[in-house]
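Participant: Structure provided below as structure tokens; questions to follow.
Just so you know, all these numbers are worked out from the coordinates, no wet-lab data involved. Just so it is clear, the model here is predicted, and its values are computed rather than measured. Neighbour counts are summed over all protein chains in view; Cβ atoms, including those assigned to glycine, are modelled from backbone coordinates with ideal geometry.
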Amino acid sequence: MKQAVVAGRTAGLRPAERRRLDQICHRRHPADAVADLLTLQRLASEAERLEEPLTLVVDGRGLCRLLWIGDLETSGRLLEKLPGSSRRQGSDLRLMTSAGSARQPPLRPGAREAVVGLDLAPRLWLRFSRQAAAGGHWPASLLTPQPSGEEAWHQELEGELAALCSLDPALLSDSGPATPSRQGASGLHGDGAAATPHQAAGSTAPGRAERVLLLVLISGEAGRDARRLAELEGLVRSAGGEPVGVVSQRRSSGAAPTLWGEGKLREAALEARRLGASLVVTDRELTPVQARNLERIVDLPVSDRSELILDIFAQRAASAAGRLQVELAQLRYRLPRLSGRGLSLSRQGGGIGTRGPGETQLEKDRRAIARRIERLQRDVRELGEHRARLRQSRRGQRRLALVGYTNAGKSSLLNALSGARAGEGVLAENRLFATLDPTTRRVRLGGTNDGSFPAANHPDEGAAKGGGRPHGSGDEEAGPELPLLLTDTVGFIEDLPPQLVEAFRSTLEEALEADGLLLVVDLSDPAWPEQLTSVNALLDRLGATPPRLVIGNQIDRCPAGELDRAQALVAEMLFISATADLGLQNLRRHLSHWPASGVDPAAPADRSTDGTAAVRARGPVPTSKG
């Protein structure tokens with residue numbers, strides 16, 4: 001294996017210059033000193049000839065691993081050129097940079113260089129000028145990573161280059177501040193894992209959750225900001241990530257190029273390195289230009305909230321229909337965000353009038369994605385027609401749909417009303433977007449004494465089959481059986497990506513074509529009024545006309561005064577607990593005559609009025625200021 005690599009701005013190097021740089025790379029540095037003085041003097045001489053900064057990356061054994069020509073701009077290019085495995089590189093890397101002049105020596109790295117230097121996770125960084133000053137004085141500075149504060153690097157010593165080269169790096173690091181490489185970027189969270197160079201630049205160790213830094217804009221309203229941040233953390237965890245830190249900024253109007261100020265983004269880049277984050281997630285949707293600007297400044301992959309939700313949907317899609325709709329939404333999102341590779345992959349034409357750069361790889365990728373989107377749209381239309389035929393076959397029965405914010409308990413309520421046995425009902429988990437595909441179950445409503453009322457048919461017998469008698473304790477008195485079809489739909493969320501709304505329109509039509517909508521809210525969540533407002537707003541945007549009935553779930557877990565608050569906001573709300581079997585019998589009795597009694601199920605119901613005492617929770621719901 002080649003010991004060292006010369007990389008960076010190598011274009012135009014003469015053979016003699018290349019040989020001299022190779023000779024510098026093959027010189028070994030002492031293990032008990034910071035560096036070999038003669039090697040650094042030769043490095044400074046070459047930097048002066050090339051008029052470029054030169055940086056050596058030396059491992060713990062004193063072997064040079066990389067000689068970089070030019071400024072340290074992006075950590076990805078450096079790590080790609082760094083030869084050998086992380087075991088061979090070790091965790092005691094040393095950086096040595098010769099830049100500037102004797103009159104203006106850059107003894108401290110710039111903001112971008114400081115972040116790239118942290119990605120390499122070195123023990124120390126020796127910086128010195130390209131020339132000696134008058135009288136033979138050679139200014140130099142010895143830096144170590146700083147685990148906290150506004151500056152990324154702490155200046156341990158400043159003085160003569162010869163004096164700093166003779167210091168013992170082990171003693172220096174032991175007496176200096178704790179560095180991310182020795183403390184571990186995750187040491188702030190108690191797992192004690194040390195960051196290796198390859199992990200420090202946006203990569204994730206196999207078998208570990210991706211560490212995510214959250215970048216948010218705050219409005220100044222403490223309650224709303226806390227709710228949005230908690231929801232973003234929940235989305236990250238649902239996607240399989242681990243939120244490790246938050247960088248926030250209050251701005252009256254976001255800057256168009258980046259939304260966040262450049263100084264705050266530099267702070268985010270530094271915080272990401274200190275926490276070992278490999279991904280930055282924003283709470284606002286980014287335009288393609290804004291996303292590229294953010295990635296350029298923080299030098300890490302950046303995802304916005306919409307991309308995060310699309311990723312969760314892609315993980316949750318279990319059926320062919322779900323995967324089809326998710327793929328369509330993802331391609332619509334990614335098409336305007338494709339980035340090309342210039343003219344290096346262009347295709348030359350042949351013949352008169354066709355000479356020139358030709359068609360770039362970016363253009364070919366866009367055309368391929370456009371063709372794929374067109375095919376997926378055709379498949380989604382066929383899926384919608386198939387589901388429309390299924391709904392047509394159920395025209396003779398009452399149909400209700402469960403809608404609401406994600407993780408409000410819709411699937412648990414469907415399992416409770418249908419009497420599904422454990423492990424045989426719809427997947428109901430305490431995580432966001434656990435259910436994507438619509439599921440319809442036949443539910444027979446009737447009176448029971450113990451509150452338990454199993455489904456007339458087992459879930460695996462299909463929603464189209466009937467039959468079966470309810471069973472319970474021997475003293476139950478079954479009332480008249482009133483069958484209806486109950487559909488569980490995909491959960492909503494505030495600012496649901498438009499690509500998802502359009503792609504899942506055939507799924508949402510299951511709710512739009514129902515005779516009534518049951519809006520499930522989680523009363524244990526203090527933000528349920530805002531969530532209900534978001535659900536109503538999305539339903540109105542979709543043109544939903546069926547009457548709506550609000551159902552307050554989780555009454556066994558909500559605070560003592562929450563029921564009174566809910567009653568004041570939505571007067572006719574029904575209170576239940578799907579998991580604790582509370583209020584379900586009252587709900588069945590209410591649904592036996594809701595949305596309207598005596599209406600022919602085969603005929604379209606009057607969707608403009610309710611016809612019963614149940615409230616139709618339309619429009620914004622006022623929020624409590626207490």
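Participant: May I ask you to evaluate 6.51 cos²θ - 1.76 cosθ + 1.60, the Karplus curve with θ = phi - 60°, for each residue of the range 165-170 and list the ³J(HN,Hα) values in order in whole Hz, giving x for glycine and proline?
Facilitator: Residue by residue, the range 165-170 yields 5, 7, 6, 7, x, 5 Hz.
Participant: Just to confirm a number: summing +1 for Lys and Arg and -1 for Asp and Glu over residues other than Ser577 whose beta-carbon lies under 13 angstrom from that of Ser577, what do you get?
Facilitator: Charge balance near Ser577 sits at -3.
Participant: Let me ask you something else. Determine, from the Cβ-Cβ distance of Arg391 and Arg421 and an R0 of 30 Å, the FRET efficiency 1/(1 + (r/R0)^6), rounded to the nearest 0.05.
Facilitator: Values: r = 27 Å, r/R0 = 0.91.
About 0.65, to the nearest 0.05.
Participant: Go through 311-317, 223-229 and give me the packing order, highest mean Cβ count within 10 Å leading. Could the numbers behind the result be given before it?
Facilitator: Working: 311-317: 19.0, 223-229: 16.0.
Those peptides, ordered most packed to least, come out 311-317, 223-229.
Participant: I've got another one for you. If we count every other residue with Cβ under 15 angstrom of Glu562's Cβ, Lys/Arg +1 and Asp/Glu -1, where does the sum land?
Facilitator: -3
Participant: Give me the net charge of Ser306's neighbourhood, meaning all other residues with Cβ under 13 Å from the Cβ of Ser306; Lys, Arg count +1, Asp, Glu -1.
Facilitator: Summing Lys and Arg as +1 and Asp and Glu as -1 gives -3.
Participant: For Trp153, list long-range residues whose amide hydrogen, built 1.01 Å from N in the peptide plane, is under 5 Å from its own amide hydrogen.
Facilitator: Distant-sequence amide H within range of Trp153: Gln146.
Participant: Round to a whole angstrom and tell me the spacing of the C-alpha centers of the range 242-314 and the range 385-446.
Facilitator: The range 242-314 and the range 385-446 have Cα centres separated by 37 Å.
Participant: Please sort 518-528, 380-390 by packing, taking for each peptide the average over its residues of neighbouring beta carbons within 10 angstrom, highest first.
Facilitator: Order by mean packing, descending: 518-528, 380-390.
Participant: Per residue of the range 19-35, what does 6.51 cos²θ - 1.76 cosθ + 1.60 with θ = phi - 60° give for ³J(HN,Hα)? Whole Hz please, x for Gly and Pro, Karplus curve as stated.
Facilitator: Taking θ as phi minus 60°, the curve returns 5, 5, 5, 4, 5, 5, 5, 8, 7, 9, 9, x, 6, 9, 9, 5, 6 Hz for the range 19-35.
Participant: Still on this model: For the pair Glu17 and Arg431, what calculated FRET efficiency results from E = 1/(1 + (r/R0)^6), where r is the Cβ-Cβ distance and R0 = 51 Å, to the nearest 0.05? Don't skip to the end; give the middle numbers.
Facilitator: Working: r = 58 Å, r/R0 = 1.14.
With a Förster radius of 51 Å, E is 0.30.
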